[in-house]
Amino acid sequence: MASSVKRQKAGQTVLRPIHPNAGIEAEYRRRLVALLSEMDRSIAYWLKAAYRKNAPELAQDELPVETLRRAVRALTRRWTARFNDLAADLASYFAQSVSQRSDVALKAALKKGGFTVEWTMTRAQRDVVNSVVHENVSLIKSIAQQHLSKVEGAVMRSVATGRDLGQLTKDLQDQFGVTKRRAAFIARDQSNKATASLTRARLLEVGIQEAVWVHSGGGKHPRPSHAKAGRDKVTFDVAKGWYDPDEKKYVLPGELINCRCVSRAVVPGFG
């Protein structure tokens, strides 16, 4: 299915795009990394203590597998519970921040286009915010779960191959780097998705049904179909999205993984 390229009609106003807020993304990333760093320090401290406590056995090649396994599993229980406790608050902070910022940005764009609106928290907007919260709660929990699983694997490999504490420490540092990068990716990707979803809901509320696709131009590997849509200034239905020929489905800007595209809302003419 091919997307149509429409010319702006007389009297229409094309608003400036609503970009994700870099400050909110950075703060979300900072909070995620701070929590991960706290977990990483705790893991390093207690595993080092377990190794040192069993130094005589280690020296005799009698590796205390069960001792280290118990230490790792105790850390896993502790930090899984901590992330589970904090996930809802952190996700709520993020979703509410994006909601407020996207409202301010859209209101400013409409005002610049000659339109004045007053926002209230509607049911549709609340549903989107709750959806963002639920998705990010799941993602925050998954960061800890995946990291702790990798830590247990690193410890067991260390025991099996007779590696010393220094090598294990390096392995854990490398894994922490991987986890930090994943947290940064989640912060950026969720910022794109949440901004797109919340902006779409507001546009539909005020009766704006069309928007022009704007390719971000960022990223090392841009999607060819998205780049072309941006060049062609494709107009799409805000409620349905744009039919991406590569994905073979309707999508919204910022919806796909690592998509940084945005859109420019088209306010219909009333003449």
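For segment 147-224, chymotrypsin sites (Phe, Trp or Tyr not before Pro) are listed when DSSP marks them as loop and at most 12 other Cβ atoms sit within 10 Å of their Cβ; the list is empty.
Within the listed set Lys193, Lys170, Lys228, the residue fluctuating most in the Gaussian network model of the chain (springs between alpha-carbon atoms under 10 angstrom) is Lys170.
Computed over segment 126-271, relative contact order equals 24 percent, with contacts defined as Cα pairs under 8 Å that lie 6+ residues apart. Per-atom-type breakdown for the chain gives carbon and sulfur 51% of the accessible area (1.4 Å probe, protein chains only). In a simple Cβ point-charge model (Lys, Arg +1; Asp, Glu -1; nothing else charged), the chain has a dipole of about 660 debye relative to its Cα centre. Charge dipole of segment 171-228 (Cα centre as origin; +1 on each Lys and Arg Cβ, -1 on each Asp and Glu Cβ, all else neutral): 120 debye, rounded to the nearest 20.
Quick one: what do you get for segment 113-252 if you divide its Cα Rg by 2.2 N^0.38 Å?
My calculation over the Cα atoms of segment 113-252 gives 1.50.
Calculated accessible area for the chain comes out at 54 Å² per residue, all protein chains present (probe 1.4 Å; ligands, DNA, RNA ignored). Translational diffusion of segment 27-152, estimated by Stokes-Einstein from the Kirkwood radius over alpha carbon pairs at 37 °C in a medium of 0.692 mPa s, is 185 µm² per second. The relative contact order of the chain, computed from alpha carbon pairs under 8 Å that lie at least 6 residues apart in sequence, is 32 percent.
Cross-link pairs exceeding 20 Å between alpha carbons, from the set Lys141/Lys180; Lys112/Lys240; Lys48/Lys170: Lys112/Lys240.
How would segment 192-241 be classified by its alpha-carbon gyration tensor: rounded, prolate or oblate, with rounded meaning a/c under 1.5 and the a/b versus b/c comparison settling the rest?
oblate
For a straight C-alpha distance cut-off of 17 angstrom, the lysines reachable from Lys220 (same-chain residues fewer than eight places away being disregarded) are Lys228.
The values are calculated or read from the model by the stated rules, or taken from the named source; none is laboratory data. Since this is a predicted model, take the numbers as computed values, not measurements. Heads up, the Cβs are rebuilt from the backbone with ideal geometry, glycines too, and the neighbour counts pull from every protein chain shown. Ligands, DNA and RNA are excluded from the accessible area calculation, which covers all protein heavy atoms including side chains. Shrake-Rupley method; radii C 1.70, N 1.55, O 1.52, S 1.80 Å.
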